[in-house]
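Computed from the coordinates by the stated procedures, all read-outs in this text should not be read as laboratory data. Please read these numbers as outputs of a predicted model, since none were measured by experiment. Backbone-built Cβ (ideal geometry, glycine too); neighbour counts: all protein chains shown.
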Amino acid sequence: MPRTHKPRAGSLQFCPRKRAKRIYPNIRSYPKVDEVKPLAFAGYKAGMTRVFFVDNKKDSPTYGQTVSHAVTVLETTPLFVLGYRAYANKRALTEVYAEEIPKDIKKYLKAPKGVKKSKTKDVENFKEIRLIVCTQPRKSGLGKKTPEVFELPLGGKPEEQKKFAMEKLGKELKVEEVFKEGEFVDVIAVTKGKGYQGVVKRYGVKIRGRKDEQHHRQIGVIGTEGVAHVLYTIPQPGQHGFHRRTEFNKQIYKIGTNPEEVNPKGGFVNYGIVKTSYVLLKGSVPGPKKRLIFMRAPMRAHKKGYPVEIQKIDLESQQ
């Protein structure tokens, strides 16, 4: 008989497939940027639509023609800067919080006022400043009250970072101050959760024939004879979905402040209407609607951003 070959079922790139620790991710690494600005921003996923624009890429076969593309709508409400934190050798030295915090935010947070005293004496010898920010879901069409709190690192030198943090302390941070239209960003989010699933749905294992002892949706052998354990490469049932995932180099088609430009008739299904600023990202992004999506400065930037001349945004009822 000829030697048969079949590629393995399921990718080992995402092992182990465990549930994320929380519903919004923690970004582990950031690129080095000389400009003094936050290196990430967050927004709520409202839904998807399509846009019509003139293709201005010279190498494209549709150069100069009007084309359409699917986009994801993120409602980017302004982030409130609660404070900033100084680091040295990945160790927090001290924290400074804003004296005046809005009541709707203060109700759900326990942030101390003023400077938090540190036991270390070398507080001035910091190497990095990170902003402590929180979302403002009350201003969005999400219908949510509890804000999410996270850190945002800054680009530039430590002295410039501290000056920027002191200026923004107790104020709002808008998406226009972080990203520009046409730029490429990395999207980080937690995917849709699908619960406990078998090997067919989880790894794409082929369904067995009708004579296989009625075990049609199982694998045949889980290991070789004489081995006292099962290898991690063997497809096994378990958690499927609700994983932290990163998608690189997503282009920002538009950053707008007028929500009427993107709100479809009747609003987005399972979300509502966009009430504040928004971002249109090319293609799809991980996660269901209403989930917090992070946009980060690109780690693998291999393309230069270019502006997109949007002619029309489809406002029909969108899923």
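Basic side chains Lys and Arg get +1 at the Cβ, acidic Asp and Glu get -1 at the Cβ, and with that the dipole of region 199-257 about its Cα centre reaches some 400 debye. Quick check on region 78-173: take the gyration tensor over C-alpha atoms, sort the square-rooted eigenvalues as a ≥ b ≥ c, and tell me if it's rounded (a/c under 1.5), prolate or oblate. Prolate. Mean silhouette area of the chain, derived from the convex hull of its C-alpha atoms and averaged over all directions, reads 24.6 nm².
Between 220, 65, 239, the Cα set farthest toward the positive side of the dipole of the chain (charges on each charged residue's Cβ, about the Cα centre) is that of 220. Net length available on complete extension from residue 269 to residue 306 is 10.2 nm, with 0.36 nm assigned per residue and the Cα-Cα distance removed. Figure legend: label point modelled 7 angstrom from the Cα of residue 291 along Cα→Cβ; residues of region 155-192 with amide N under 15 Å from it are 187-192. Note on region 147-193: Rg/Rh from C-alpha atoms, Kirkwood Rh, equals 1.03.
With axes computed from alpha carbons, what is the tilt in degrees of helix 158-168 against the longest principal axis of the chain, rounded to the nearest 10 within 0 to 90? The two axes meet at around 80 degrees.
Taking 0.36 nm per residue of sequence separation and removing the Cα-Cα distance, the residue 52/residue 125 pair yields an extension gain of 21.1 nm. Using the Cβ-Cβ distance between residue 201 and residue 138 with R0 set to 45 Å, the FRET efficiency from 1/(1 + (r/R0)^6) comes to roughly 0.75.
Overall shape: oblate for region 203-243, with the ratio a/c of the largest to smallest alpha carbon gyration tensor axis at 1.5 or above and b/c at least equal to a/b.
Placing dummy labels 7 Å off each Cα toward the beta-carbon, the span from residue 284 to residue 88 is 4.9 nm. The slack between residue 17 and residue 249, meaning 0.36 nm per residue of separation minus the straight C-alpha distance, is 81.2 nm. Over 23 Å between Cα atoms: which of 171/304; 32/127; 139/168 fall into that group? Violating the 23 Å Cα-Cα cut-off are 171/304. Close amide H pairs (under 5 Å, H built 1.01 Å from N) link residue 291 with 45, residues at least 5 positions away or on another chain.
In terms of the mean number of neighbouring beta-carbon atoms within 10 Å, the peptides 212-222, 297-307 order highest first as 297-307, 212-222. In the chain, taking the dipole from charged Cβ atoms about the Cα centre, the farthest positive-side position among 173, 287, 129 is held by 287.
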